[in-house]
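Just below is one structure, and these are the notes that go with it.
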Amino acid sequence: MVNSSGTSDNILRCAQTLIVAGGYNGFSYADIAKVVGVRNASIHHHFPSKAILVQTLVARYRQEVEAGIAEMERQVTDPLGQLCAYTGFWEGCIDQAATSFCVCALLASEMPLLPEEIALEVRAHFRSLSAWLASVFERGAKLGSFALSAPPKVEAEMFLAAVHGAMLSARAYGDPKMFGVIINPVVERLVRKA
């Protein structure tokens, strides 16, 4: 008997890798079928359309990010430590094919071409991540850890853009180290000097 949940997970993992490699329009069900070892009909059984597949993927991705952040917050309570853990996570992912780029950031670059149900999930991811970063900056400023030049919400948006821009530069230069070269000075500028 085929494990339906396992097949669904394999399809989603494969779709994520293919999106990171080539974007929303850069893959088809035939591509997934080759990698996962199933027929197109099996993929359609789990995900009747590409839009449903990617919407499901983004919703799951967002839940995983939120769960990862919650776990990290349990382990790291200091706002600066949380910011460093977040950037450190991405620095560790940059040279891995399946995780070298935030799926939602990549899809955001294709927003005008995406079905609305996917665009809604991508926006929800950005709002959630931005709200978390704003809370980190607000707590850090109150504790005297950060010297903010703008309100926490604006700092969060600037920081999010810097992280995604650093991912893009690492990809453009073909050099994973570019991520740290760009993002580490951004973090250092936020730290209040004693």
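Laboratory data are not the source of any read-out in this text; all were calculated from the coordinates shown. As the structure is a prediction and not an experimental result, all values here were calculated from the model. We place every Cβ from the backbone using ideal geometry, glycine too, and count neighbours over all the protein chains shown.
Students often forget the sequence filter, so: which aspartates and glutamates lie under 12 Å Cα-Cα from residue 34 once same-chain residues fewer than 8 apart are removed? Leaving aside aspartates and glutamates fewer than 8 places away in the same chain, none come within reach of residue 34. Sorted largest first, the principal axis extents computed over the alpha-carbon atoms of the chain equal 62, 33, 32 Å.
Across the range 147-153, coupling constants 3J(HN,Hα) worked out from phi with the 6.51/-1.76/1.60 Karplus curve, θ = phi - 60°, read 10, 7, 9, 8, x, x, 5 Hz, and Gly and Pro carry x.
Straight-line cross-link reach from residue 50 at under 13 Å between alpha-carbon atoms covers these aspartates and glutamates, not counting any fewer than eight positions away in the same chain: 31, 116, 117. One chain, two ends: residue 157 and residue 70. Fully extended at 0.36 nm per residue, the span grows by 29.3 nm beyond their Cα-Cα distance.
When 89, 137 are arranged by Cβ crowding within 10 Å, least crowded first, meaning fewest neighbours, the order is 89, 137. Excluding same-chain neighbours fewer than eight residues apart, the aspartates and glutamates reachable from residue 142 by a Cα-Cα span under 17 Å are 78, 155. Please give me the summed charge of the neighbours of residue 94: other residues whose Cβ is under 13 Å from its Cβ, Lys and Arg +1, Asp and Glu -1. Taking every Cβ under 13 Å from that of residue 94, the sum is -1.
Once backbone amide H atoms are built at 1.01 Å from N, residue 191 has 147 as its partners under 5 Å, excluding neighbours fewer than 5 places away on the same chain. The slack in the chain from residue 28 to residue 111, taken as 0.36 nm per residue of separation less the alpha-carbon distance, amounts to 28.0 nm.
Is the C-alpha gyration tensor of the range 84-189 telling us rounded, prolate or oblate? Criteria: a/c under 1.5 is rounded; beyond that, a/b larger than b/c is prolate, otherwise oblate. Oblate, since a/c reaches 1.5 and b/c is not below a/b.
Residue-wise HN-Hα couplings along the range 7-15, as the Karplus relation 6.51 cos²θ - 1.76 cosθ + 1.60 with θ = phi - 60° gives them from phi, are 5, 4, 4, 5, 4, 5, 4, 5, 4 Hz; Gly and Pro carry x.
With R₀ set to 35 Å, the beta-carbon distance separating residue 60 from residue 147 gives a calculated FRET efficiency near 0.40. In order along the range 65-70, the Karplus-derived 3J(HN,Hα) couplings, from 6.51 cos²θ - 1.76 cosθ + 1.60 at θ = phi - 60°, round to 5, 4, 5, x, 5, 4 Hz, and Gly and Pro are given as x.
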